[in-house]
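Colleague: Here's a structure for you.
Any read-out appearing in this document is the output of simple, stated calculations on the displayed coordinates, not a laboratory observation. Computed from a prediction, not measured in an experiment: that's the story for all the values here. For neighbour counting, all protein chains shown are included, and Cβ atoms are generated from backbone atoms with ideal geometry for every residue, glycine included.
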Amino acid sequence: MPDFQKYTIEERVRWGDVDAARIIFYGAYIRFFEFAETELFRSVGLPYSVMFDELDVWLPRVHLECDFHHAAQLDDLLEVSVYVGKFGNKSMRLDFEVRRKGDELIIANAHFVLAAVRRDTFETVPIPAELKLRLAPYTKTKK
């Protein structure tokens with residue numbers, strides 16, 4: 001059993017998410033990952049408005065990587081899970097897993113690297129301690 005939690009949302013594959021073959025378009029996954037990320041932060045009391053205004057940082061994505069293992073199709077109900085794979089000094093890695101609801105088979109997995117930057121200058125800054133603290137239950141620890 002892992003020593004951390006995964007935050008999971010459900011999202012249905014809609015008409016606008018698929019190509020002519022009714023298979024999910026790869027760009028739709030990015031949107032699903034963003035939904036999961038947003039809801040993870042909200043769940044720990046850090047909706048973007050609070051993080052941006054109170055912690056005075058932005059977290060732009062500086063790297064994105066995704067592997068597609070199986071095709072999701074129109075009307076599939078997906079579970080998109082997210083957790084913190086790693087905190088660096090000035091960046092963090094969010095890991096994502098996509099499954100059909102009720103199925104253990106991973107359809108896609110991805111990770112984003114987010115850099116902490118000062119809002120007014122875009123200069124990199126250390127990840128705020130408050131962010132690390134609040135995300136601790138969803139942070140993978142090294143074994």
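Colleague: With contacts defined as alpha carbon pairs under 8 Å and 6 or more residues apart, what's the relative contact order of the chain in percent?
Modeller: Relative contact order of the chain: 29 percent.
Colleague: Out of residues 5 or more away from Gly88 or on other chains, whose amide H comes under 5 Å of its own, with H placed 1.01 Å from N in the peptide plane?
Modeller: Long-range HN contacts for Gly88: Arg93.
Colleague: Please work out the C-alpha center-to-center distance from region 44-70 to region 4-22 and express it in whole Å.
Modeller: 19 Å
Colleague: Among His63, His111, which comes first, second and so on when ranked by fewest other beta-carbon atoms within 10 Å?
Modeller: In order of increasing Cβ crowding within 10 Å: His63, His111.
Colleague: When Val82, Val117, Val50 are ordered from fewest to most other Cβ atoms inside 10 Å of their Cβ, what list results?
Modeller: Val50, Val117, Val82
Colleague: Order by neighbour count: Leu46, Leu59, fewest other Cβ atoms within 10 Å first, most last.
Modeller: Final ranking by Cβ density, sparse to dense: Leu46, Leu59.
Colleague: Could you list which residues have their amide H under 5 Å from that of Asp76, counting only those 5 or more apart in sequence or on another chain, with H placed in the peptide plane?
Modeller: Those lying under 5 Å, H to H, from Asp76 are Val13.
Colleague: Next question. Can you pull the Kirkwood radius for region 1-80, inverse mean 1/r over Cα pairs, to one decimal in Å?
Modeller: About 14.6 Å for region 1-80.
Colleague: When the helix-only estimate is applied to the chain (DSSP H runs of n ≥ 4, each -39,500 (n - 2.57), divided by the residue count), what is the mean residue ellipticity at 222 nm, nearest 500 deg cm²/dmol?
Modeller: It lands at -6500 deg cm²/dmol.
Colleague: Working from Cα positions, state the angle (0 to 90°, nearest 10) between the long axis of helix 26-43 and the longest principal axis of the chain.
Modeller: Approximately 50 degrees, to the nearest ten.
Colleague: Another question, then. Return an integer: the convex hull volume of the alpha-carbon atoms of region 30-143, in Å³ per residue.
Modeller: So the per-residue Cα hull volume is 118 Å³.
Colleague: Using a 10 angstrom Cβ neighbour count of at most 10 plus a DSSP loop assignment to flag exposed GluC sites (Glu not before Pro), which longest range of the chain is free of such sites?
Modeller: 1-103
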